[in-house]
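Please read the structure below before turning to the comments.
The values are calculated or read from the model by the stated rules, or taken from the named source; none is laboratory data. Everything quoted here is computed from the prediction, not taken from an experiment. Glycine also receives a Cβ, built like all others from the backbone with ideal geometry; neighbour counts cover every protein chain displayed.
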Ligand SMILES: *Cc1c(COP(=O)(O)O)cnc(C)c1O
């Protein structure tokens, strides 16, 4: 028996990376932050938990103001959602009159949302080197890409995005900056130079709050007002009060966030070097993960062998990237274990 509206019969839902909870598991498969939230963040959550009898602030006032200050924007340029997935969902639902276009190799949720909302548009292939070419995008419809992109880890220069947006004044350009804190390529400082760029960002990767479900959008105040209209028509209390407080505290303890970002970048560069010396080709990562292809060993084999050793990474059974593995950057100790496990796999193959 099914009561599902038949328009959803062919829906293929997003498949999240496994969230196994076994002990001694090294989890490098969903680009989470290996470090816990700061003490200030944990305290803020505890204080707020005692007041859960009340609804959360539907205007998200404190966090909106804090994010505006952090990015040097006005408060009416900030929109807050239950993870950036929810922010993206509102964008797909309401800001895509003429369809939506996004790269063929990118965050898997884009296609799911396009199907879910039954929108025109679709995938625009990355070039042969797996890089984004803005001019390949149609001259109508919303354009969406992640910068840096996932899982390729490549970033394009924000100046390039800015001049593209100036040429495409009638199109909304959505830049998903989930990984921008690990790069030097944020478009946010240029946001006020154009009206048609909307940035989507998250607390899940650089701010240790994947489980808190906190994301946001930054942009022109009238685009943000449209998003608010959608949100207040669906769920005005979309973000719980503990996560709102955690978001404010995370910004107040920026030194902690910066320190952990530095550690992750250090481990990323260390991991890249080690992988290269083991025969991998590794893309120039500007994220908290690396994307790598071995010169002779199949990616699926490495993925399965690591799994036997209790190390989870991500392998995408997808045409153009079948021979790549994506490895989230964990703590330095975890990366040391990963590299020695890969060393064993490479040696085994050579025998
Ligand atoms: C992780 C990720 C998201 C989702 O982030 P949440 O805020 O946890 O929903 C969105 N876009 C990209 C490119 C991501 O990698």
Right, residue 238: within 16 Å of the ligand (Cβ to nearest atom), in contact (Cβ under 8 Å) with a residue 24 or more places away in the chain and farther than 30 Å from residue 290 by Cβ or not? yes
I'm trying to understand the selection: among the residues of the stretch 92-105, which are crowded, with 20+ Cβ neighbours inside 10 Å and either away from the ligand (no atom under 14 Å from the Cβ) or not in a loop (DSSP other than H, G, I, E, B) (or both)? 92, 96, 100, 101, 102, 103
Determine whether the stretch 178-186 contains at least one residue that is out of contact with any helix residue (DSSP H, G or I) (no Cβ under 6 Å at 6 or more places or on another chain) and without any contact (Cβ under 8 Å) to a residue 60 or more places away in the chain. yes
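Per-residue answers, yes or no, for (1) assigned to a loop (DSSP other than H, G, I, E, B); (2) within 16 Å of the ligand (Cβ to nearest atom):
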{"position": "57", "(1), (2)": "yes, no"}
{"position": "66", "(1), (2)": "no, no"}
{"position": "73", "(1), (2)": "yes, no"}
{"position": "90", "(1), (2)": "no, yes"}
{"position": "107", "(1), (2)": "yes, yes"}
{"position": "139", "(1), (2)": "yes, no"}
{"position": "151", "(1), (2)": "yes, yes"}
{"position": "154", "(1), (2)": "yes, yes"}
Selection count, the stretch 174-201, where residues are within 13 Å of the ligand (Cβ to nearest atom), in contact with a strand residue (DSSP E or B) (Cβ under 9 Å, 6 or more places away or on another chain) and in a loop (DSSP other than H, G, I, E, B): 3
Please enumerate the residues belonging to the stretch 266-285 that are farther than 14 Å from residue 326 by Cβ and within 23 Å of the chain's Cα centre (by Cα). 266, 267, 269, 270, 284
Which count do you get for residues in the stretch 26-56 that are closer than 18 Å to residue 254 by Cβ, out of contact with any helix residue (DSSP H, G or I) (no Cβ under 6 Å at 6 or more places or on another chain) and surrounded by fewer than 20 Cβ atoms within 10 Å (Cβ to Cβ)? 4
How about the stretch 262-298: which of its residues are out of contact with any helix residue (DSSP H, G or I) (no Cβ under 8 Å at 6 or more places or on another chain), over 23 Å from residue 107 (Cα atoms) and in a loop (DSSP other than H, G, I, E, B)? 295
When the residues of the stretch 110-123 are narrowed to those that are within 20 Å of the chain's Cα centre (by Cα) and either closer than 20 Å to residue 322 by Cβ or away from the ligand (no atom under 16 Å from the Cβ) (or both), which ends up surrounded by the most Cβ atoms within 10 Å (Cβ to Cβ)? 110
Pick from 334, 343: which is loosely packed, with under 15 Cβ neighbours inside 10 Å, in contact (Cβ under 8 Å) with a residue 12 or more places away in the chain and under 29 Å from residue 262 (Cα atoms)? 343
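Regarding residue 227, is this residue touching a residue at least 60 places away in the same chain (Cβ under 8 Å) and more than 12 Å from the ligand (Cβ to nearest atom)? Spell out how you get there, then give the answer.
Working: touching a residue at least 60 places away in the same chain (Cβ under 8 Å): yes; more than 12 Å from the ligand (Cβ to nearest atom): yes.
For residue 227, the condition - touching a residue at least 60 places away in the same chain (Cβ under 8 Å) and more than 12 Å from the ligand (Cβ to nearest atom) - is met.
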Criterion first (at pLDDT below 95 and within 16 Å of the ligand (Cβ to nearest atom)) does residue 204 satisfy it? no
